[in-house]
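The structure appears right after this line, and notes come after that.
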Amino acid sequence: MAAVRSFPTTIHDSSHVSVMILDSDVLDCPTCCKPLKSPIFQCTNGHIACSSCCVKVKNKCPSCKLPIGLGKNRCGAMEKVIEATRVSCPNKKYGCKENVSYENVSSHGKECVCSCPVQDCNFAASSDDIYNHLHVQHKDELNQMIQFIDSILLIITGKRKKRN
């Protein structure tokens, strides 16, 4: 997944440059696949892991078995990249306009306020509450939307009958 991020060009310069990350997985811990958070540790071969994974793997690098963690060999460069990276909220499609730090995107996504996607409904709440709201307050609308989507899918995927 490609992502465009802006970073200051220098510490003393307030202008920004756009950076495109072609593989956002590089910002995730290779062991647990969750967003990297400080502190980030690296072994002497340069492999990285988040602090919670270092504990889980008993401070042995999962890639090469060299020591990792133990309060030393922090990967300061990667910590700076993670701290400077801002991403759109995963609930952007539900109306959240927040750009949050990459390391906090999961926690923000659970807490942010989303708008109900049903036209003329002004309900706003967390994504979990929106899900429940849709199934309680808009059950009929949901069934109609699902039937509508199913009928479109049938038209798209169905075989055409030959006309005489």
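A short reminder: the numbers here are calculations on the coordinates, not readings from a lab. The model shown is predicted, which means the values in this text are computed figures rather than measured ones. All Cβ positions, even for glycine, are placed from backbone atoms using ideal geometry, and neighbour counts span all protein chains on display.
Taking 0.36 nm per residue of separation and subtracting the Cα-Cα distance, full extension of the segment from Asn99 to Gln137 would add 10.7 nm. Around the amide H of Thr85, modelled in the peptide plane, lie the amide H atoms of Tyr102, all under 5 Å away and 5 or more residues distant in sequence or on another chain.
Applying the Karplus relation 6.51 cos²θ - 1.76 cosθ + 1.60 with θ = phi - 60° to the range 105-116 yields 3J(HN,Hα) values of 5, 5, 5, 5, x, 7, 9, 6, 8, 10, 9, 5 Hz, where x marks Gly and Pro. In order along the range 58-73, phi translates into HN-Hα couplings of 6, 6, 10, 4, x, 7, 10, 6, 6, x, 9, x, 6, x, 10, 6 Hz, rounded to whole numbers, per the Karplus curve 6.51 cos²θ - 1.76 cosθ + 1.60 with θ = phi - 60° and x for Gly and Pro. In sequence order, the range 126-142 has phi-based couplings of 5, 4, 5, 5, 4, 4, 5, 4, 4, 6, 9, 7, 10, 4, 5, 4, 4 Hz under the Karplus curve 6.51 cos²θ - 1.76 cosθ + 1.60, θ = phi - 60°, and Gly or Pro positions carry x.
Placing R0 at 30 angstrom, the Cβ-Cβ distance between Val113 and Glu83 gives a FRET efficiency of 0.75 after rounding to 0.05. Near Val136: Cβ cut-off under 15 Å, other residues only, Lys/Arg at +1 and Asp/Glu at -1. The net charge is -3. Would you mind checking Lys92/Lys139; Lys56/Lys93; Lys60/Lys92; Lys72/Lys93; Lys58/Lys110 for any pair whose Cα atoms are more than 32 angstrom apart? Correct reply: Lys56/Lys93; Lys60/Lys92; Lys72/Lys93. Taking amide H as placed 1.01 Å from N in the peptide plane, the amide H of Cys96 sits under 5 Å from that of Ser115, each at least 5 places away or on another chain.
Ranked by the mean number of other Cβ atoms within 10 Å of their residues, highest first, the peptides 51-60, 116-125 fall in the order 51-60, 116-125.
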